[in-house]
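This report concerns only the one structure given below.
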Amino acid sequence: MSYTRFAIYYVPPDGPLADFGATWLGWDVVTGRQVEQFDVSGLHDITSAPRKYGFHGTLKPPFKLKDGRTIEALEEAVCDLARGVAPAVCDGLKLTQLGRFLALTPFGSTDGLQAVAEASVRGLDGFREPATEAELARRRKAGLSTRQEALLTQWGYPYVFEEFRFHLTLSGRVPEDDLPVWIETLQSHLPDLPTPFVIDQIALCGEREDGRFELIHRYTLAG
């Protein structure tokens, strides 16, 4: 399979949460297949933006592979990285409104989770093709702080390290007046959320030529 970009994600293990995420978004990142969504009016529209990524939490944002680097070398590097990084444990997950987006976010101490993300960003950056001027300009449209601009310049993404906020995306931008209804709808469809919330694996995922992401391999954190 040929991939245009790669990313390091947290992808929930097989079980109720993973099943819910695939059915909510309409795309199963693990199998790389379209899934029939819940029969909820408007769901297809509000999930159109996150659908292609599948149900996941970003640890290292999508990047193009640098010239001269191979997917085999990347896989070996991710394997080595996972061996040296400790699993992370948070108290649990909760449904959260992030501006006009909806997501699951961790609560309790997130120090371990931050460490996993920082190691992923820093440890694999040698594989990342530097962002183009067009990509940088697109990110800057969000109105970045001085620190976010510095992170964008160095790491190709403005929301890493102390600007990182782990989340499992459930929607694109939702009209403000519709948010209460969608929160209620989500609460009625969510399975029991994990308590504690454990991240003991990371996933290398690839963006296919059709723009959809799929799982390439999971790696157990063993540090």
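Overall, the accessible surface of the chain at a probe of 1.4 angstrom is composed of carbon and sulfur to the extent of 48 percent. Probing with 1.4 Å while keeping every protein chain in the model, the per residue accessible area of the chain equals 50 Å². For segment 126-165 versus segment 1-60, the inter-centroid distance based on Cα atoms is 24 Å.
For R5, the amide hydrogen comes within under 5 Å of the amide hydrogens of E207, counting only partners 5 or more places away or on other chains and with H modelled in the peptide plane. When peptides 157-165, 170-178, 50-58 are ranked by their average number of other Cβ atoms within 10 Å per residue, the highest-first order is 50-58, 157-165, 170-178.
Computed from point charges on the beta carbon alone (+1 for Lys and Arg, -1 for Asp and Glu), the dipole magnitude for the chain about its Cα centre is near 600 Debye. Working from Cα pairs under 8 Å separated by at least six residues, relative contact order for segment 147-223 is 16 percent. Extension gain, A77 to T153: 0.36 nm times the residue separation minus the Cα-Cα distance gives 25.0 nm. Each Cα pair under 8 Å and six or more residues apart adds its sequence gap; the mean of these over the residue count of the chain is a relative contact order of 34 percent.
For K60, the aspartates and glutamates whose Cα falls under 12 Å of its own Cα, not counting residues fewer than eight places away in the same chain, are E118, D125.
The values are calculated or read from the model by the stated rules, or taken from the named source; none is laboratory data. Because the structure is predicted, anything quoted here is derived from the model rather than measured. Neighbour counts are summed over all protein chains in view; Cβ atoms, including those assigned to glycine, are modelled from backbone coordinates with ideal geometry. Surface accessibility is based on the protein's heavy atoms, side chains included, excluding ligands, DNA and RNA. Shrake-Rupley method; radii C 1.70, N 1.55, O 1.52, S 1.80 Å.
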